[in-house]
Amino acid sequence: MKKYLYYIKYFFYLAYKWDIKIAQYILSQEIKGEKKYGIITTGADELKKLEERGIDTDHSTIYMPVSYSLLEEMIEQLNRLTNSSFNHFLDIGCGKGRALCVAANKGFGKVTGIDFSKEFCKAAEKNLSMTRKQFPDLQYKIINNDAFYFEIPNDVDCIFMFNPFDDVIMSGVAENILESFEINSRPITLIYVNPLYKEELLAVGFKQIYYTQKMQYLEAAILELK
């Protein structure tokens, strides 16, 4: 009963922020997705608790997980377009770990998430521990850090972002990705949902290879750096 009350609260939040049509669509995906993957990631968080603890959230966006259907579609398109076997999936602004858990279900054997909220990191750890029960060989790591200062591991070849921050942080993240690429030259593919600051990535050499928009606010791009 408590879970369904939470879903109702989330529906009204989405309807207020966006509109009823989008809220209905997303909520239906939430219920199906949480059941399918056996994780708990639904909800929105405007980061007020972080602000109360004196953590600067000026360059961050609210926590809201990506739609399950859009996430699944983007990973399927990723495999179709690149025809590659990926080594290491990195979610920058991982929240409660939804994209990491879905990636594990879609064949990624090594996943890493980074988020500046300790609370979200703990939730991501819990969700990934449940996912690893299904995939015992899964390697995962959750890092509590600021994306602007995070050094991209040199074996990361697939990155996911759901509009986690503004153009100021994105410019620093783009440079971090480029630095990792220059240290270890390899194709890096990036899934960017709600790609508001795509220009910062294009500026360091990424090329867009796929784009989709289902409805307002439900859009995504796949970019590649070679």
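For the reader, a short list of remarks on this structure follows.
- Share of carbon and sulfur in the accessible area of the chain stands at 51%, probe radius 1.4 Å.
- Estimated at 0.36 nm per residue, the fully extended path between TRP18 and LYS226 surpasses their Cα-Cα distance by 71.2 nm.
- Simple point charges give the picture: +1 on the Cβ of Lys and Arg, -1 on the Cβ of Asp and Glu, and for the chain a dipole about the Cα centre of about 1280 debye.
- At least 18 Å along the helix axis (C-alpha) and Kyte average at least 0.5, DSSP helices within the chain: 167-183
- For segment 86-219, accessible area per residue (1.4 Å probe, heavy atoms of protein chains only), Å²: 44
- Heavy-atom SASA rank of ARG132, ARG186, ARG98 (probe 1.4 Å, accessible area, largest first): ARG132, ARG186, ARG98
- Distance between segment 84-143 and segment 151-226 - C-alpha centres, whole angstrom: 18
- Measuring against 30 Å, Cα to Cα, the residue pairs LYS96/LYS198; LYS17/LYS110; LYS32/LYS110 contain LYS17/LYS110 as the ones spanning a longer distance.
- Förster radius 25 Å - calculated FRET efficiency between TYR6 and LYS126, Cβ distance, rounded to 0.05: 0.95
The values are calculated or read from the model by the stated rules, or taken from the named source; none is laboratory data. Note that this is a predicted model, so its numbers are computed, not measured. Neighbour counts are summed over all protein chains in view; Cβ atoms, including those assigned to glycine, are modelled from backbone coordinates with ideal geometry. Note: areas computed on protein heavy atoms with side chains; ligands, DNA, RNA excluded. Shrake-Rupley method; radii C 1.70, N 1.55, O 1.52, S 1.80 Å.
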